[in-house]
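> This is the structure I have questions about; it appears just below.
The values are calculated or read from the model by the stated rules, or taken from the named source; none is laboratory data. Bear in mind the structure is a predicted one, so any value in this text is a computation, not a measurement. Note that we place each Cβ from the backbone using ideal geometry, even for glycine, and neighbour counts take in every protein chain shown. To get the accessible areas, we keep the full protein, side chains included, count just its heavy atoms, and leave off ligands, DNA and RNA. Shrake-Rupley method; radii C 1.70, N 1.55, O 1.52, S 1.80 Å.
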Amino acid sequence: MESKPVMESTSLVDAKGLRDRYVGSLRSDDVGKRVTVCGWVARVREHGEHLVFVDVRDYSGIVQVVAHSSVELRSEFVVRVAGTVAKRPEGTDNSSLATGEIELTDTAIEVLSEAEPSPFSLQDRAEIDEATRLRFRFLDLRRERMQQNIRVRAKINSAIRASMERQGFTEIETPLLWTPTPEGAREFVVPSRLHLGSSYVLPQSPQLAKQLLMVAGFDRYYQIARCLRDEDLRADRQFEFTQLDLEASFVTQRDVMSFISDAVTAASQAAGIPLEGEIGAITWKDAMDRFGVDKPDMRYGNELIDVTSVFAGTSIRALSAPCLKALVAPNPSSLTRSRLDNLVDRAKSLGAKGLLWLRVIPGSDGLQLESPVSKFLTEDESKNLVAATNVSDGDVILIVGDEWQKACEVLGQLRIDLGRNQANPGEFRYVWVIDFPLFEGIDEEGRLVSTHHPFTMPNQEDFDKLASDPLSVRSQSYDLVLNGWELGSGSIRIHRGDIQSRIFSLLGVTEEEASNRFGFLLEAFKYGAPPHGGFAFGIDRLTALLVGEENIREVIAFPKTQSGSDLMTGAPKQIEAKVWDLLGLSVKPQKKDLS
Ligand code: ASP
């Protein structure tokens with residue numbers, strides 16, 4: 001276990017109560033002092049006939065305690081040790097420990113709690129099955145890595161708060177017992193005891209509350225907010241998550257982006273990752289065109305290349321499509337015939353009709369292309385493709401032909417599949433993605449679907465296309481992306497009831513439904529709503545990326561499993577019939593246990 005103090009910013013000498021020092025603060029300057037420390041027994045080692053070395057750990061580090069072997073100690077016993085700080089004997093220093101030059105001698109050890117043997121090793125490097133870790137989360141959290149993650153998270157929160165305060169934002173809490181909002185996620189429902197048959201929902205985000213705070217004149221609001229969404233869980237998703245949520249009045253998109261840039265810069269610094277320079281921006285259209293995703297990982301190149309014009313007159317069926325996108329594969333030598341066949345299958349599973357590969361080989365007269373379609377390629381097509389993709393001997397070109405967006409998306413995913421390990425994990429590349437389409441498509445019932453949420457203001461220039469060509473309307477919304485992960489999104493909002501009603505009607509929300517569900521927002525807009533906009537980014541995800549974890553569960557003290565269970569408390573649990581009665585509800589017998 002590493003022993004470097006995990007909270008350098010806290011004064012470790014300021015211990016109180018049962019102890020007067022934290023173990024990690026002891027140094028050779030303290031030699032000769034009598035101190036009392038408290039902590040857990042990390043390890044006991046026999047030393048000679050009558051002596052044992054006991055490593056005592058608290059959150060700040062580890063100290064070696066020399067004790068009589070008569071003391072009955074086992075790992076994870078909780079002890080209080082009074083001892084004298086002494087220099088370790090010549091040649092026994094441990095340079096990997098911050099306290100490695102000293103030890104406590106002349107000790108009196110009091111056992112404050114005994115401990116059963118731990119179900120797993122608390123040594124940091126040990127690999128432990130996650131279910132066991134979650135079942136005994138209180139022990140898992142005792143480990144150095146988890147202590148670090150949770151403490152860095154606290155520092156990030158604190159830096160974000162400081163950034164917000166500096167920028168004139170006021171922290172305001174909004175209700176957890178709330179009302180449904182159309183932000184796209186399934187909501188958790190909380191039945192009301194006093195209003196039988198009615199229920200609250202837990203907020204997917206404070207979206208409408210923060211807009212109301214703008215109508216209320218708060219000007220700049222923020223909150224480190226819990227959001228709850230009853231959605232299937234994944235590595236980067238939990239039912240409840242935390243985000244920095246903000247909203248400001250009389251601002252432009254640029255202002256909101258600058259508030260957030262300040263906050264993430266502060267958060268990165270708090271995690272020991274300085275962020276230099278401004279965060280760049282790319283339009284959604286460019287991101288799709290060049291990277292095939294709306295959350296591009298900017299740490300590596302391999303951009304998509306449009307080769308539609310190269311094959312304008314082609315006789316090859318697979319290449320006669322409205323749009324042809326090409327990707328020059330990284331690591332072409334690893335692409336054996338069978339891996340290429342796998343890539344073709346992968347492209348099809350992503351919805352492509354096919355994938356064409358062409359390997360660049362030396363020919364008698366310059367470069368040639370080897371491919372299942374080689375013999376149908378004209379000389380000009382080969383030459384122009386080589387020039388357009390700027391390839392050299394040994395490269396492999398992958399081509400997908402389809403509608404523009406589909407071709408971009410499929411090849412964008414292959415770029416990620418093939419390029420992932422090209423990215424330097426120590427590099428942090430933020431990018432803004434702007435100018436999203438207002439609507440992402442049309443659902444099965446023929447209704448438009450918002451890309452962000454229905455409160456997003458359309459781009460002024462595209463207003464007149466709302467009726468004629470709604471799918472081409474851009475919105476005033478923006479996402480922040482870090483290393484290929486969407487950290488969060490925001491938008492300038494609709495602040496006028498007439499525009500909001502128009503968008504609701506395009507989304508197929510009837511007037512009655514709108515007034516039932518968001519009547520309070522539309523009503524508020526009648527009483528002088530300032531133009532406003534905001535943003536929210538996920539703190540779980542940001543922290544995970546900054547501390548180098550792949551899974552957000554590693555930065556959440558008490559997360560749920562992928563199937564939504566809490567293995568430590570056993571939640572969710574069956575509820576007694578009398579509780580359902582009180583809520584005026586009953587539960588239908590279940591055919592199968594869905595947990
Ligand atoms: N409410 C949005 C979300 O949680 C963010 C925003 O538009 O401010 O994603």
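> Sort D255, D464, D236 by accessible area with a 1.4 Å probe, largest first.
D464, D255, D236
> Hey, could you get me the Stokes-Einstein D for segment 247-313, Kirkwood radius over alpha-carbon pairs, 37 °C and 0.692 mPa s, rounded to whole µm² s⁻¹?
Taking Rh from Cα pairs, D becomes 220 µm²/s.
> Hey, another quick one. How do D219, D106, D479, D498 stack up against each other in accessible area, from largest to smallest, with a 1.4 angstrom probe? All intermediate terms of the calculation are to be shown ahead of the outcome.
Details: D219 65, D106 115, D479 15, D498 90 Å².
Correct descending sequence by accessible area is D106, D498, D219, D479.
> Suppose every K and R has +1 on its Cβ and every D and E has -1 on its Cβ; what is the size of the dipole of the chain about the Cα centre, in Debye to the nearest 20?
Computed about the Cα centre, the dipole is about 860 debye.
> Give me the distance between the Cα centres of segment 114-186 and segment 446-511, rounded to whole Å.
That distance is 33 Å.
> Find which of A271, S320, A287 sits farthest along the positive direction of the dipole of segment 256-351, computed with +1 on the beta-carbon of Lys and Arg, -1 on that of Asp and Glu, about the Cα centre.
So the residue furthest toward the plus end is S320.
> May I ask which of K353/K465; K285/K348; K325/K406 have a Cα-Cα span longer than 21 Å here?
Violating the 21 Å Cα-Cα cut-off are K353/K465; K285/K348.
> In whole percent, what relative contact order does segment 376-522 give with Cα contacts below 8 Å and a gap of six or more residues?
After rounding, I find 18 percent.
> Just to verify a number: what accessible area does I442 come out at with the full protein assembly present, 1.4 Å probe, Å² rounded to tens?
Its accessible surface works out to 100 Å², give or take rounding.
> Determine the relative contact order of segment 1-145: mean sequence separation of Cα pairs under 8 Å and six or more apart, normalised by residue count, in whole percent.
This gives 23 percent for segment 1-145.
> Rounded to the nearest 500 deg cm²/dmol, what is the calculated helix-only ellipticity per residue at 222 nm for the chain, with -39500 (n - 2.57) per DSSP H run of length n ≥ 4?
The per-residue figure over the chain is -7500 deg cm²/dmol.
> Further, regarding this structure: Give the residue from P437, T543, V360 lying farthest towards the positive end of the charge dipole for the chain; charges sit on Cβ (+1 for Lys and Arg, -1 for Asp and Glu) and the dipole is referred to the Cα centre.
Going by the charge dipole, the pick is T543.
> Which whole-number percent gives the relative contact order of segment 28-111, counting Cα pairs below 8 Å spaced six or more residues apart?
Answer for segment 28-111 is 34 percent.
> OK, next. Could you please put T252, T179 in sequence from largest to smallest accessible area, using a 1.4 Å probe? Walk me through the intermediate numbers first.
Numbers: T252 75, T179 45 Å².
Listed by decreasing accessible area, they come as T252, T179.
> Under the √(5λ) rule applied to the eigenvalues of the Cα gyration tensor, what semi-axes describe the equivalent ellipsoid of the chain? Give them in Å, descending.
51, 37, 24
> Starting with the highest mean, order 39-46, 114-121 by the number of other Cβ atoms within 10 Å, averaged over the residues of each peptide. Kindly include the intermediate steps, with their values, before the conclusion.
Numbers: 39-46: 17.8, 114-121: 12.0.
For the peptides 39-46, 114-121, the packing ranking is 39-46, 114-121.
> Let's see if you can work this out: charge +1 on each Lys and Arg Cβ, -1 on each Asp and Glu Cβ, no other charges. What is the dipole magnitude of segment 133-237 about its Cα centre, in debye to the nearest 20?
With Lys and Arg at +1 and Asp and Glu at -1, about 700 debye.
> Which of V555, A529, L506 sits farthest toward the positive end of the charge dipole of segment 491-566, with +1 on the Cβ of Lys and Arg and -1 on the Cβ of Asp and Glu?
Projecting each Cα onto the dipole axis, the largest value belongs to A529.
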